[in-house]
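**Student:** Can you read through this structure? Questions will come right after.
The values are calculated or read from the model by the stated rules, or taken from the named source; none is laboratory data. Worth saying up front: this structure is predicted, and the values here are computed from it rather than measured. Neighbour counts run over all protein chains shown; Cβ positions are idealised from the backbone, glycine included.
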Amino acid sequence: MSFVESPRFPDRIGYLSVGGPTFRTAVVETNSGAEYRNARWAQSLRRYDLAHSGRTQAEIDELLAFFLAVGQGRAHMFRFRDWADYRVTVTDGRLELGAGTGEPTYQLAKAYAAGAYTHYRDITKPVAGSVACYRNAGLLTVGAGAGNIAIDTTTGLITFVADASQAIASHTPGATHVFTTAADISGLSIGSKVYLTGIVGTAAASLNAIAHTISNKTGSGPYTWTLSTATTGLTVSSNGTAAKFPQASDALTWAGSFDVPVRFDVDEFPIRIEGPGIYTLDTLPLVERRV
């Protein structure tokens, strides 16, 4: 099954749909009347039905063409605008949970807050040209410079360019891992997260593509960095690179619009003729799926 990025489901037809978020919860009732509930989904999925109003010949023609050429019944997924919920502001837009993790890549998300409770929804299909990302309320630039970002509108992933980085000069594996750099990695101190890549050896799986907590930093060139990561008995044959990405103190937000990734939930297109040029559909459901 493929995902068709364009065209999006016709907006004017989708505007008349009925639907919204659903969860999947297993409920077991005991003989005493008490019950136990098991929430099987951490995030909701949307369901919609398009069969709730009369359709003109032009609408039926457009809908039938989309069903046949794009969706091919349940075979392919596509973008759908939920007119009740398709916008994000900096108030509810988050990169992941809204703070840096020391890593380069973040999933766009929307936060739904009610009192002390918040539900986070991954946004995997942002609309191209609508996304603006912010770090500590400052607009981020799309580009290749330090601290810039890349936006993937097919996945909703935001990838940062490192704020600063240095080639690693040497490693000392042990109960805490130690490495050195010839120069400082600007902005990193004890308690910060440093991201390592390009290391070769048996220690690679424990070190690469992970944000490590810095437990100690000494020197003034070269610099010695101690990580709260155990590498006892492991080896390094190629030193790699250490880099700084957004930290826990960095607020990461975004604003823009997004679509829902859906497919038709039937392989039939049941048209009912109500009169000359007027049609209805008994049901034509769409179901969101995770991508």
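**Student:** Find the residue count for region 92-129, including only residues that are assigned to a loop (DSSP other than H, G, I, E, B) and free of Cβ contacts under 8 Å to residues at least 12 places away in the same chain.
**Tutor:** Result for region 92-129: 3.
**Student:** Anything in region 144-176 that is more than 20 Å from the chain's Cα centre (by Cα) and outside any strand (DSSP E or B)? List them, or say none.
**Tutor:** A144, G145, A146, D163, P173, G174, A175, T176
**Student:** Tell me whether region 77-84 contains one or more residues that are out of contact with any His (no Cβ under 6 Å at 6 or more places or on another chain), more than 15 Å from R8 (Cβ to Cβ) and surrounded by 14 or more Cβ atoms within 10 Å (Cβ to Cβ).
**Tutor:** The answer is no; no qualifying residue exists.
**Student:** If you take just the strands (runs of 3 or more DSSP E) that sit entirely in region 177-284, which of them hold at least 1 residues that are in contact with a Lys or Arg (Cβ under 9 Å, 6 or more places away or on another chain) and either among the β-branched types (V, I, T) or crowded, with 19+ Cβ neighbours inside 10 Å (or both)?
**Tutor:** Filter on region 177-284 gives 193-197, 210-219, 223-227, 241-244, 251-257, 260-264, 271-275, 278-281.
**Student:** Give the residue that is farthest from Y120 (Cα to Cα), with candidates limited to residues of region 1-28 that are more than 24 Å from the chain's Cα centre (by Cα), in a strand (DSSP E or B) and modelled with pLDDT of 90 or more.
**Tutor:** V28
**Student:** S32 fails exactly one of the following numbered conditions: (1) more than 30 Å from I149 (Cα to Cα); (2) at pLDDT 95 or above; (3) surrounded by fewer than 19 Cβ atoms within 10 Å (Cβ to Cβ). What is the number of that condition?
**Tutor:** With respect to (1) more than 30 Å from I149 (Cα to Cα); (2) at pLDDT 95 or above; (3) surrounded by fewer than 19 Cβ atoms within 10 Å (Cβ to Cβ), S32 is out only on (2).
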